[in-house]
Amino acid sequence: MDCEKFQSITRSISLGKKLPDAIYLHESALKNVSIELFRFVYEKIDEFDLKGIDWNVIKISKKTFRFSLLNYPSFFSESYPELSVSYLFDLKENIFQKRSYKNSKNPPILHRKEMFLAPDHHAVGEFKQLTKEGEEAGLYESPRTIGFKKGWEDVIAAKGYELIEGHLTKKRVSSDVPQKEIERHRTAIDRYSLSSPMQSLYRNGYLSGQYSVLDYGCGKGDDIRILNQHGLYAKGWDPVYFPEEQVVSSDIVNLGFVINVIEDQQERRETLEKAYQHAHKLLVIAVMLGGESITCRYQKHGDGVITSRNTFQKYYGQQEFRNYLEGVLSEAAIAVGPGVFYIFRDKIEEQKFLVEREKVKRNWKRLSYIGDTERLKVKQRAFYELNNKILDDFWDKSLELGRMPVDANEFTESESLRTLCGSHNKAFQFLLSFHDESILADAAKARQDDLLVYFSLGLFKQRKAYSKMPMGLKRDIKNFWGKYTNAIQEAREVLFSVGRTTTIAEACRDTYAGLEVGLLEEKAFTFHQSYLSQLPTVLRIYVGCATQLYGDLEGVDLIKIHINSGKVSLMRYEDFWESPLPLLVERIKIKMREQEIDFFEYGERFPAHPLYLKSQFMNPHMANYSNQTRFDQRIKTFKWLDLTGYGPKREEFDTSLETHEGLKVRGFRFYNYKA
């Protein structure tokens, strides 16, 4: 059977659970679909010498020449069975890959099992009843959050249910009430700088004065005070400190560190819903993150703990909190930091934000230059010199977009430009005679790459409707791809390539050779965060898939791509630029396949190792580059210094430096120990 025949059979399948890219069928239904396909599957099993493998569900690709055999051992015995092992058959490359989930804490799970079976199967009625339970509880409102075990459990909890013997049951109210009433007002703290959700709004341009702001549950009102001091009008309401203030619906609503201090789960849910209803454009929401290492110190209460100050705290995991938000609001939650998410009511604003997020800030003005004006007519040169301000601004905007701006939304001086030149196109053609067109071509390619990252990451999460896209993005699609389906197809191909370890390994090697900075190892490539924009598209998407789970990279110094395992690590150091041996403060490991994030803080529980040979991650334009280079060249001469692994701890390094060299470190220099 060739690819054309395979896809022809796939298109004719009427049974099964159908997704945009694949059809899922139980083994018992495969014969009902196509005897030819049934025989072909078992021929491939024999061909790869896989006789005797356990599988009971087949995933048939609708767009490629591949299928997967999946084993859900508890398909009939559990309401929502877990995937144990998968076998991917790539028939184009004639290879197969096995992946086991037996030891996974967060394996994929199945829903709507009746769709996998033939209509006359005896279990269809029972499975339909399970699906009806989930639909009535609202569990399927955000389908992309429920494909893994933890996400499914989080959504069940967010909807106020629990699973008992495979069936959904309304969660009982906890009876472990503390001896004295919880003092919720004591959770409010004094702030002398903006809170993390407000800082995020500032970084993303939402505190420019263009948008109205409501701080819902503002505590003592320090965020509002700071914003007002800087000339930004913002309102705040709090049930304890500012109950008399009117709750006014605003463009942006901040719900910062509020729901995590509400012990009543129904009140918590209602607070989230009310805050979202008051937002015209977006809700920013933040909670405390933490795990068992924190909660074990306190008295348990409900789904949280009672702190030493007699306040309630519900500590979340990053993905757990995302699942909770999407489970309650049935809207996409966009991570912008640890425990900080945006939820947009204005879907066009959402797309503007996501497009801008993947846009690399480039200095095209520095690269572009005026061509040989001597060949131009005197009138042309005089016209340009007389109107160079508006013409240069128009050209700079063209480079930013990678194409000609078409209206006032894209170039604010459009009316003046038309009066001057007659039309945008005439101005554009005039400027092409002054500037190097290859720079415009480079700008167009860079802009197209940015958009390709955006579309690919959109496929990684959930495809956005064309109708919800800003007009400027629609123009980009027409200019660079002709039509939306072409853009999505290219994005799908690039995203698919991200899953190939050979592609990632090759891209890492090429990037390392091109940049000549970073650390390339057999299984990983580590580089400074500032180089992310210079990575090829496939690596930007790889890292982007990870940061969609985590949030923005504010404060991150080094990024480590794990080539084979589908992981990305983010490292933060103390005084990265000012210290020759900065200490590791935090490491965040993002596991994309499991949709999990692990946080490791250093200094107490884990030793804080210094970063040796920091200059390998730097370039001559970075702060203290020459000092760091001299420092690293010196320590390379120390024969006693073993830098395999992480190298010695800072205390051990200082002791050995004194013992072997009679030196100590002060700043980036070495001094005699007795000096």
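The values are calculated or read from the model by the stated rules, or taken from the named source; none is laboratory data. This is a predicted model, so every value here is computed, not measured. Positions of Cβ are generated from backbone atoms using ideal geometry, with glycine treated the same way; all protein chains shown enter the neighbour counts.
See the values below:
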| read-out | value |
| --- | --- |
| Inter-residue pairs, beta-carbon under 8 Å, first under 27 Å from Asp303 (Cβ atoms) and in region 244-264, second hydrophobic (A, V, I, L, M, F, W, C) and in a helix (DSSP H, G or I), 6+ apart | Val253/Ala275; Asn254/Met198; Asn254/Leu201; Leu255/Leu272; Leu255/Ala275; Gly256/Met198; Val258/Ala275; Ile259/Leu272 |
| Conditions (1) at pLDDT 85 or above; (2) of a type in the set (Gly, Ala, Ser); (3) crowded, with 19+ Cβ neighbours inside 10 Å: number failed by Ser142 | (1) |
| Single unsatisfied condition, Tyr550 versus (1) buried (at least 17 other Cβ atoms within 10 Å of the Cβ); (2) over 23 Å from Gln595 (Cβ atoms); (3) of a type in the set (Phe, Trp, Tyr) | (2) |
| From Leu19, Leu15, residue being touching a strand residue (DSSP E or B) at 6+ places or on another chain (Cβ under 8 Å), of a type in the set (A, V, I, L, M, F, W, C) and in the same structural domain as Val85 (by TED's automatic domain parsing) | Leu15 |
| Matching helices (runs of 4 or more DSSP H) fully within region 347-440 where at least 1 residues are modelled with pLDDT of 90 or more and surrounded by 12 or more Cβ atoms within 10 Å (Cβ to Cβ) | 347-357, 388-401, 414-421, 424-432 |
| Hey, Lys63 farther than 30 Å from His167 by Cβ, of a type outside the set (A, V, I, L, M, F, W, C), touching an Asp or Glu at 6+ places or on another chain (Cβ under 8 Å) and surrounded by fewer than 19 Cβ atoms within 10 Å (Cβ to Cβ) or not | yes |
| Residue identified as at pLDDT below 90, of a type outside the set (S, T, N, Q) and within 19 Å of Ile541 (Cβ to Cβ) among Ala505, Ala446 | Ala446 |
| Test for Thr311: is it of a type in the set (Ser, Thr, Tyr), more than 19 Å from Val213 (Cβ to Cβ), surrounded by 15 or more Cβ atoms within 10 Å (Cβ to Cβ) and not assigned by TED's automatic domain parsing to the domain that holds Ile588 | yes |
| Residue match in region 427-442 (condition: polar (S, T, N, Q) and within 25 Å of the chain's Cα centre (by Cα)) | no |
| Subset of region 230-272 [within 30 Å of the chain's Cα centre (by Cα) and surrounded by fewer than 18 Cβ atoms within 10 Å (Cβ to Cβ)] | Leu232, Ser249, Asp251, Gln266, Glu267, Glu270 |
| Residue that is surrounded by the fewest Cβ atoms within 10 Å (Cβ to Cβ) [pool: residues in region 532-541 that are assigned to a helix (DSSP H, G or I), modelled with pLDDT of 90 or more and more than 10 Å from the chain's Cα centre (by Cα)] | Thr537 |
| Matching option when the condition is surrounded by 14 or more Cβ atoms within 10 Å (Cβ to Cβ) and not in a helix (DSSP H, G or I), among Val517, Val494 | Val517 |
| Condition check for Asp476: of a type in the set (Asp, Glu) and touching an Asp or Glu at 6+ places or on another chain (Cβ under 8 Å) | no |
| Unmet requirement for Tyr101, which otherwise passes all of (1) more than 26 Å from Ser12 (Cβ to Cβ); (2) out of contact with any strand residue (DSSP E or B) (no Cβ under 7 Å at 6 or more places or on another chain); (3) buried (at least 18 other Cβ atoms within 10 Å of the Cβ) | (2) |
| Single residue of region 118-139 satisfying the filter (of a type in the set (Gly, Ala, Ser) and closer than 13 Å to Tyr161 by Cα) that is surrounded by the most Cβ atoms within 10 Å (Cβ to Cβ) | Gly134 |
| Matching strands (runs of 3 or more DSSP E) fully within region 159-217 where at least 1 residues are assigned by TED's automatic domain parsing to the domain that holds Lys235 and modelled with pLDDT of 90 or more | 213-216 |
| Selected residue (criterion: surrounded by the fewest Cβ atoms within 10 Å (Cβ to Cβ)) from residues of region 28-57 that are touching a strand residue (DSSP E or B) at 6+ places or on another chain (Cβ under 7 Å) and within 17 Å of His121 (Cα to Cα) | Asn56 |
| Some residue of region 287-307 being at pLDDT 90 or above and either aliphatic (A, V, I, L, M) or under 15 Å from Gly219 (Cα atoms) (or both) | yes |
| Region 310-341, residues that are in a strand (DSSP E or B) and polar (S, T, N, Q) | Gln313 |
| The listed residue being at pLDDT 90 or above, aliphatic (A, V, I, L, M) and within 17 Å of Ile182 (Cβ to Cβ), out of Val258, Val248 | Val258 |
| Qualifying position, being of a type in the set (Ser, Thr, Tyr) and more than 20 Å from Gln595 (Cα to Cα), among Ser84, Ser104, Ser74 | Ser74 |
| Identity of the residue in region 632-654, more than 21 Å from Arg572 (Cα to Cα) and in contact with a Phe, Trp or Tyr (Cβ under 8 Å, 6 or more places away or on another chain), that ends up surrounded by the most Cβ atoms within 10 Å (Cβ to Cβ) | Ile635 |
